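**Student:** To start, I am sharing the structure in question, which I have written as structure tokens.
The values are calculated or read from the model by the stated rules, or taken from the named source; none is laboratory data. On a predicted model such as this, the values are computed, not experimentally measured, just so you know. Here Cβ is always computed from backbone atoms with ideal geometry, including for glycine, and neighbour counts include all displayed protein chains.
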Amino acid sequence: MRRTFYITGTSRGIGLALANELLEDSNNYVLGISRNNVISHERYQHVQLDLTDLDSVEKFRFTNPEDQSEIYLVNNAGLLGDIQYFGKRKSHDIRNTLLVNFVSPAMLSNTFIQQFGDVKTTKVILNISSGASKNAIDGWVTYCSSKAGIEMMSKTIDVEQKQSDPSKKTKILSVAPGIIETAMQEQIRMSDEEDFSRVTEFIQLKNNGLLDTPESVAKKLRYILLNAQQYNNVDLDIRNLSFQ
């Protein structure tokens, strides 16, 4: 069975690792959505799209996959934004963080359902969330807020989809991937304690070897995507799941 995956943020981190992981299966085709292309593969197609440019996001349309293809959207791209207390933040940084983390994923999810709502095939939207969606962390106001929004958006779309014809339903998941060694973690470790009181804790996580790798997380996300129907809950945390 052919599978088509649309993934945002494929230029680095989890998105890049997930695209490479999926491309190992000859049944999988990946369309990467990001500003930069770093992947060269016969079953990979790149679309240059800036998620802070809402006009471009609104005009974006998914390519129509071949008949009988399973269809997946992974809203992975994310920004931590400047690590500062409110009152010190710049408005354009607040705007961009919310656009990338919440507004654009919401628009892409809406477009996905508009385009493929009547298609009778396996359809999955997987939104990358965070443990920060449930925990108020100083200096991370827009990140925590936008990830909380992603979780509630996912749950609400799921409620709507359960009212649909079962043969046309889109499966929705919101997945927290854990703490991973990415550019975002580097940014966190370089922050000032006056802007983020827990910076020492995150430095120790790195020093103690407690960070997961994008490649390890990508394997788990692949499992979740291909077994999406087995999950009854919309809101998942990779650290609490079994991968057999």
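**Student:** Exactly one of (1) of a type in the set (A, V, I, L, M, F, W, C); (2) out of contact with any helix residue (DSSP H, G or I) (no Cβ under 9 Å at 6 or more places or on another chain); (3) free of Cβ contacts under 8 Å to residues at least 40 places away in the same chain is unmet by PHE112. Its number?
**Tutor:** (3) is the only condition that PHE112 fails.
**Student:** Is it fair to say LYS134 is touching a helix residue (DSSP H, G or I) at 6+ places or on another chain (Cβ under 9 Å), loosely packed, with under 14 Cβ neighbours inside 10 Å, closer than 22 Å to TYR231 by Cβ and touching a residue at least 12 places away in the same chain (Cβ under 8 Å)? So that I can check it myself, show each step before the final result.
**Tutor:** Details: touching a helix residue (DSSP H, G or I) at 6+ places or on another chain (Cβ under 9 Å): yes; loosely packed, with under 14 Cβ neighbours inside 10 Å: no; closer than 22 Å to TYR231 by Cβ: yes; touching a residue at least 12 places away in the same chain (Cβ under 8 Å): yes.
No; evaluated as a whole, the condition is false for this residue.
**Student:** Let me ask something else. When the range 137-187 is examined, which residues are found to be of a type in the set (Asp, Glu), surrounded by fewer than 18 Cβ atoms within 10 Å (Cβ to Cβ) and within 17 Å of ASN101 (Cα to Cα)?
**Tutor:** Correct list: empty.
**Student:** Now for a different question. From the set of residues in the range 127-148 that are in a helix (DSSP H, G or I) and aliphatic (A, V, I, L, M), which is farthest from LYS220 (Cα to Cα)?
**Tutor:** Restricting to residues being in a helix (DSSP H, G or I) and aliphatic (A, V, I, L, M), the top hit is VAL141.
**Student:** Let me ask something additional. ARG43: touching a residue at least 24 places away in the same chain (Cβ under 8 Å) and basic (Lys, Arg), yes or no? Before the answer, list the steps.
**Tutor:** Numbers: touching a residue at least 24 places away in the same chain (Cβ under 8 Å): no; basic (Lys, Arg): yes.
So ARG43 fails the test.
**Student:** Moving to a separate point now. Exactly one condition in (1) among the small types (Gly, Ala, Ser); (2) farther than 28 Å from ILE157 by Cα; (3) at pLDDT below 95 is not met by SER242; state its number.
**Tutor:** For SER242, the exception is condition (2).
**Student:** Starting from residues that are in contact with a strand residue (DSSP E or B) (Cβ under 7 Å, 6 or more places away or on another chain), surrounded by fewer than 19 Cβ atoms within 10 Å (Cβ to Cβ) and more than 18 Å from ASP53 (Cα to Cα), keep the ones in the range 18-36 and report whichever is modelled with the highest pLDDT.
**Tutor:** Looking only at the range 18-36, we keep the residues that are in contact with a strand residue (DSSP E or B) (Cβ under 7 Å, 6 or more places away or on another chain), and these are 18-19, 22-23, 27-35.
Restricting the remaining residues to those that are surrounded by fewer than 19 Cβ atoms within 10 Å (Cβ to Cβ) gives 23, 27, 35.
From what's left, more than 18 Å from ASP53 (Cα to Cα): 23, 27.
Numbers: LEU23: 98, ASN27: 95.
Per the criteria, the residue is LEU23.
**Student:** Something else: Within the bounds of the range 194-204, is there any residue that is aliphatic (A, V, I, L, M), under 28 Å from LEU22 (Cβ atoms) and surrounded by 14 or more Cβ atoms within 10 Å (Cβ to Cβ)? Don't jump to the end; show me each part of the working.
**Tutor:** Residues of the range 194-204 aliphatic (A, V, I, L, M): 199, 203.
In the following step, the residues that additionally are under 28 Å from LEU22 (Cβ atoms) were identified as none.
The answer is no; no qualifying residue exists.
**Student:** Next question, about the same structure. Looking for something within 16 Å of LEU236 (Cβ to Cβ), touching a residue at least 40 places away in the same chain (Cβ under 8 Å) and either of a type outside the set (Phe, Trp, Tyr) or in contact with a helix residue (DSSP H, G or I) (Cβ under 9 Å, 6 or more places away or on another chain) (or both) - is there at least one such residue anywhere in the range 180-201?
**Tutor:** yes
**Student:** Among GLU151, GLU160, GLU186, which is in contact with a strand residue (DSSP E or B) (Cβ under 8 Å, 6 or more places away or on another chain), more than 25 Å from SER56 (Cβ to Cβ) and assigned to a helix (DSSP H, G or I)?
**Tutor:** Working: GLU160 fails: in contact with a strand residue (DSSP E or B) (Cβ under 8 Å, 6 or more places away or on another chain); GLU186 fails: in contact with a strand residue (DSSP E or B) (Cβ under 8 Å, 6 or more places away or on another chain).
The conditions single out GLU151.
**Student:** Conditions: (1) touching a residue at least 12 places away in the same chain (Cβ under 8 Å); (2) part of a helix (DSSP H, G or I); (3) among the hydroxyl-bearing types (Ser, Thr, Tyr). TYR72 meets all but one. Number of the miss?
**Tutor:** Every listed condition holds for TYR72 apart from (2).
**Student:** Out of curiosity, is GLY32 small (Gly, Ala, Ser) and in a helix (DSSP H, G or I)? Reasoning before the result, please.
**Tutor:** Working: small (Gly, Ala, Ser): yes; in a helix (DSSP H, G or I): no.
So GLY32 fails the test.
**Student:** Turning to a different aspect of this structure: Are there any pairs with C-beta distances below 9 angstrom linking a residue in the range 202-214 that is among the polar types (S, T, N, Q) to a residue that is outside any helix (DSSP H, G or I), with the two at least 6 apart or on different chains, and if so which?
**Tutor:** The qualifying pairs are GLN204/LEU210; THR213/ILE180; THR213/GLU181.
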